[in-house]
Structures are given as C-alpha cells and as structure tokens.
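See below for the structure under consideration.
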Amino acid sequence: MAKSLAAEPTRHPMTFAAGAHAAKLSALCTRALASHQAGKFAEAIAFYERILALQPNFSEVHNNRGLALAELDRPEEAVASYARALAIKPDNPETLCNWGVALAQLERWDEAEAAFRRAIATHPGFAAAHNNLGLILKDRGRMAQATRAVEEAIRLSPRDASYYDNLAAMRPFIAGDRYLTALEGLAAESASLSAVNRMHLHFALAKANEHLGKPDNAFRHLLAANALKRQQTSYDEAATLAQISRTRELFTPEFVRARGGAGVRSAVPIFIIGMPRSGTTLIEQILASHPQISAAGELTLFEQSAAAVGRAMPHSRSFPDFMPGMSASQLRDLGALYLKKLLPRAPGAARIVDKMPANFRYAGLIHLALPDAVIIHAIRDPVDTCVSCFCVHFTKGQLHTYDLAELGRYYRHYQELMAHWHRVLPPGRVIDVRYEDLVDDLEGVARRIIAGCGLPWDPRCLAFHRNERPVRTASVMQVRQPVYRSSVGRWRRYQNFLGPLFAALAPVHDADAFTLRKEG
C-alpha cells in the first residue's frame, strides 16, 4: 500500500529506552534513531545490525530495521525483518501493521490482510490497524468493508485527519454527512494540530468540497495542503531537471544506433510510462484483462537493475552518466537482471506489465537493454494531468507535484524528453496512447494496444472494470467503473487558480503529441 497510493497506510517506527542497556548499546540506539529520523536509512540499517549483533532478540530494532529496508524499496528483506520481530513479540500491533504494509507491497494480499486482522484481534482499539485494513480492502475492491474499517478508525481516533482523508477517497461526502461535520469541527481547531495532521485535513476538505460541487473551496484547500506537504518535502528541482536534460544530451541518434540490438531478446515485458494521473492505470487494467497478460503494478525493478549495473562498472556512476561507458555486454547484463527480477512475478505469463510511470526517464535504455519489450506511453492533456497530480497526496515519490510552478516545469522536461525519444528511437518503438482517445473510442484504442503487444484481441479487455485484481494506485476507484468523460477538461473548474502552472507550461508544447489547451 505504499508507492503512489492516494490514501496513506500507517507505519510505526519504535523508540526504546536505551538507558536500560550497556553504554555501547545505548550509544548505538541513539545514533540509529537519529539516522533513521534524518532519512539516512542505509546508515540506520548499519547501526541496527550492530545493535542486533549485541542483542539479537531486540524486537523493536528488528521492526525499525524493517521500516528502513522498506524505505529503500527492499520489501522482501523488510518482511523478513518484521517476521523476526514478531517471532520475539508475536502480538505487537505496530509490527503487525508494518508487516502487513510490506506484504501488500509484495502483493501477498491474503497474508497482508491477515496481518491487519491479527493486529485488530489482539488490540481492537488500535485505530491504525483498522485504517490499514480498510486500505487493503479498497485495493482489493471490497468497498463496503473498506469503508466500515476506516469509519471504525475514525471512531477510535477522531482527531486523526488522515482517516477522514482516506474515507473521502472511498465515498463522496454529502451535505449533512456526520463525517463532514466532524471534519469541519476539526478544522475549527486546526491550530492545535500538527503540520502533518493539518495537511491531511486540507486534503480531506478538498475532496469533500469537490464532492459538494464547490471547486473554489476545494482548490483553496488543495493549495493549503500542498503547501504544507511541500514544507515537509526535500525536492532538489535543479538536480532532477538537470538529470532529465543530461539524458537527452547523452542519448544521441548515433549513440542509440551504435548500441542497437545488444540487449536481451524477450517479448515478455510491457512498460507503461508517462506522467502519473495520465491514464496509466486504465491502460494497465485493460491489458490485465487479457488472459495472456499479467499486471505486476508499479515496479522499481528497472531503476534498481540499472543502478546495480552502474555500480558494477569502473568508476561507479549513476544514470545517465554511466551510459557513455556502457558496453554491449553490460546492456545484456541489465536486460538479464531485470528479467530475473520480473519473471517470478508471473511465472508462465506471455506478457507482464510494469506500470511505473517514471520509467519514461529510461525509455532509451529500456530499448537498448530489452529491444523486444513493448513501451506504451500514456498521454493526457497537460493541464488535466498536472491538476490531477496536484489533487493527490502521493505517499512516496512524486516530490515535484506539491507546487504548481515546479509541477509545470517538471512536466515540460518530461515532455521534451518524450519528444526526444520519438526522435532518436526507431519509428513506432514507443506506442503513444492518448487518454482522451481512449475515452472516445475504447474498443478501437484497446485493440491497437493489444495488437501493439503482439497478441490476439480478446473482448474481456473492454470489461476491465470487472477485473477484480487488486489495484494499488490513486486511480483504484476510477478503474472499477466503466469509461467516463467527466475527467476530460477537469482543470477548467479550477482555472482561476492555475496561473503559476500555465506560466510554467507555456514555453514548450508540441501540438502533435501534447496539446496545451487553455481557455482564453
């Protein structure tokens, strides 16, 4: 339930009384917690492991080590660390919740749900366990049960605004709704809330006001929520945009031609790339409804594999700076490593979908390492895309989405990079799918997508909303409905607030691939 979920699971780092231990252990505990709280997770893990070498049965340390591993996208190791903690203290509700979150990230859905239910069985008053149960039930499409679970979390902890935020993502608030009344009461005393709680409060009120047909009020709350989130976010815009620009500089047509055909031949991977909130989940759900295709969700496997190959090269460097020295054999190593990580996700599947939008940064490298992989690029109106991102509280990543100007500048760099890929990669290598075209002609576009994957058409792809597979993104509610047009042009209801976004988007747009439509 991490990654790009709009609703946030509750995780629990633990503090511990280091003074009860020897001086060396006490010092290590202090340093471990300081590193963890500073976001230095690899450093924290090293301290946790030194502590465990001295005291192997320290349950809280196993728990915190699991949290740090999860932050580093190492969920298998996190699950094992939580399991060690639970072997020592079997009914610790915080560890059970953390374990459940990591199990869900690995799509071990039954085990994750069982972990949350076990936490509730042993500690019925633990609101976070009810909240997390509600989120996984939402992911699994069991909306009535999900709503009841989150309502119970609110009953147990009525001042935690994140639970109202989660509830508002599950069902509309209406005039006179008791939860809306409670939320407004919480807003009246917001000065006494923490910054994180105020942020959730404003995100919840934004959803509620949109449900009530009050777009101006909704966007004012979005501005407040995103401003609070931005204050809590360490986003290095200059470094992020420079990396995208550097990628364009290094992947010249000559560079791509010289390395063409060096990678691993496999038609199994299907990559869906683009901006978040651009229709990627809808495309994934259509593909996942085909009997020969399995969807693996938003994976960081390609980024991890590229980083591992880069570290193994002389003078270890990160992407894209390692590209000039990358040999044909290293490209094959990258393709093989990615497939080694991907194929166990769906043994025997003819195709496996990797729906990580941010892989747009790696499209050229994907082409070189996996020349037979399908690359589908989801495109949506730039302003609709950016506004939809701004409306979502992403629980991890997407650091560029909490300021309208930063969001617009990031979009512009993404747009320029995608236009570059179309220029330097073979014609048709990247399959563009416009969200608006998909809405207008579902069957026609869906048939083109399936044909592009080299598979025969199957009519079940049109019944994607009946697919009961778990969905772990902010679009979970939308893809359980038939296609609708109400999201097309959604930005217009907020246009009076979008000046910074328009200014950031305006300098560059390609009328053929991306249309910037601003009412004048």
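Since every read-out is calculated from the coordinates, none of them should be taken as a lab result. Every value quoted in this text rests on a predicted model; they were computed, and no experiment measured them. Cβ atoms come from the backbone with ideal geometry, glycine included; neighbour counts cover every protein chain shown.
Determine the percent antiparallel among the DSSP beta bridges restricted to the chain, to the nearest 5.
0 percent
With all pairs of different alpha carbon atoms counted, what Kirkwood hydrodynamic radius in Å does the range 223-365 show?
Evaluated on the range 223-365, it is 16.9 Å.
How large is ³J(HN,Hα) for each residue in the range 342-352, as worked out from phi by the Karplus curve 6.51 cos²θ - 1.76 cosθ + 1.60 (θ = phi - 60°), to whole Hz, x for Gly and Pro?
So the J values, rounded to whole Hz, are 7, 4, x, 5, 8, x, x, 6, 5, 9, 10.
Which ³J(HN,Hα) values, rounded to whole Hz and listed in residue order, are derived for the range 29-35 from phi using the Karplus coefficients 6.51, -1.76 and 1.60 in 6.51 cos²θ - 1.76 cosθ + 1.60 with θ = phi - 60°, glycine and proline given as x?
For the range 29-35, the Karplus-derived couplings read 4, 4, 5, 5, 5, 5, 5 Hz, x marking Gly and Pro.
Quick one: which residues, 5 or more positions from ASP432 or on another chain, have an amide H under 5 Å from its amide H? H modelled 1.01 Å from N in the peptide plane, none for Pro or chain starts.
HIS377
Viscosity 1.567 mPa s, temperature 4 °C: what is the translational diffusion coefficient of the range 243-505 from Stokes-Einstein with a Kirkwood Rh over Cα pairs, rounded to a whole number of µm²/s?
68 µm²/s
Based on the Cα atoms of the range 373-433, what semi-axes does the equivalent ellipsoid have, where each is the square root of 5 times one gyration tensor eigenvalue, given in whole Å with the largest first?
Semi-axes, largest first: 25, 12, 10 Å.
Evaluate the relative contact order of the range 1-144 (contact order divided by residue number), counting alpha-carbon pairs under 8 angstrom at least 6 apart; express in whole percent.
The value is 22 percent.
So, R0 is 56 Å and r is the distance between the beta-carbons of GLU443 and ALA238; what FRET efficiency does that work out to, to 0.05?
With R0 = 56 Å, the Cβ-Cβ based efficiency is 0.80.
Show the residues, 5+ positions off or on another chain, whose built amide H is closer than 5 Å to the amide H of LYS355.
Excluding prolines and chain starts, which carry no amide H, the hits are ILE272, ALA296, GLY297, GLU298, LEU299.
Applying a 10 Å radius around every beta-carbon, put 437-446, 137-146, 60-69 in order of their mean neighbour count, most first.
Listed from highest to lowest mean packing, they are 60-69, 137-146, 437-446.
Which value, in debye to the nearest 20, describes the size of the charge dipole of the range 1-144 about its Cα centre when Lys and Arg Cβ atoms bear +1, Asp and Glu Cβ atoms bear -1, and nothing else is charged?
With Lys and Arg at +1 and Asp and Glu at -1, about 200 debye.
Using Cα-only point scatterers and the Debye equation, what is log10 of I(q)/I(0) for the range 1-144 at each q in 0.17, 0.22 Å⁻¹, rounded to two decimals?
Each listed q corresponds, in turn, to -0.88, -1.32.
So what's the net charge close to ARG148: Lys and Arg +1, Asp and Glu -1, counting the other residues with Cβ under 15 Å from its Cβ?
+4
Which longest uninterrupted range of the chain lacks any chymotrypsin sites (Phe, Trp or Tyr not before Pro) assigned by DSSP to a loop state (not H, G, I, E or B) and surrounded by at most 16 other Cβ atoms within 10 Å?
1-234
Projected onto the charge dipole of the chain (+1 at Lys/Arg Cβ, -1 at Asp/Glu Cβ, origin at the Cα centre), which of HIS36, VAL439, LEU183 gives the Cα projection farthest towards the positive end?
After comparing all options, I get HIS36.
What number, in percent, do you get for the relative contact order of the range 158-232 if the mean sequence gap of Cα pairs under 8 Å and at least 6 apart is divided by its residue count?
35 percent
Over the chain, what is the mean sequence separation of C-alpha contacts under 8 Å (at least six apart), divided by residue count, expressed as relative contact order in percent?
16 percent
In sequence order, what are the phi-derived ³J(HN,Hα) couplings for the range 372-379 according to the Karplus relation 6.51 cos²θ - 1.76 cosθ + 1.60 with θ = phi - 60°, rounded to whole Hz, with x for glycine and proline?
9, 5, 7, 10, 10, 10, 7, 10
Mind checking the dipole of the chain: about its Cα centre, +1 per Lys or Arg Cβ, -1 per Asp or Glu Cβ, Debye to the nearest 20?
Rounded to the nearest 20 debye, it is 360 debye.
With no solvent and one equal point scatterer per Cα, compute the Debye intensity ratio I(q)/I(0) for the chain at 0.05, 0.06 Å⁻¹ and report its log10, rounded to two decimals.
-0.20, -0.29
Per 10 Å bin from zero, what fraction in whole % of the C-alpha pairs of the range 158-232 is there, up to the bin with the longest pair?
All Cα pairs considered, the percentages come to 22, 58, 19, 1.
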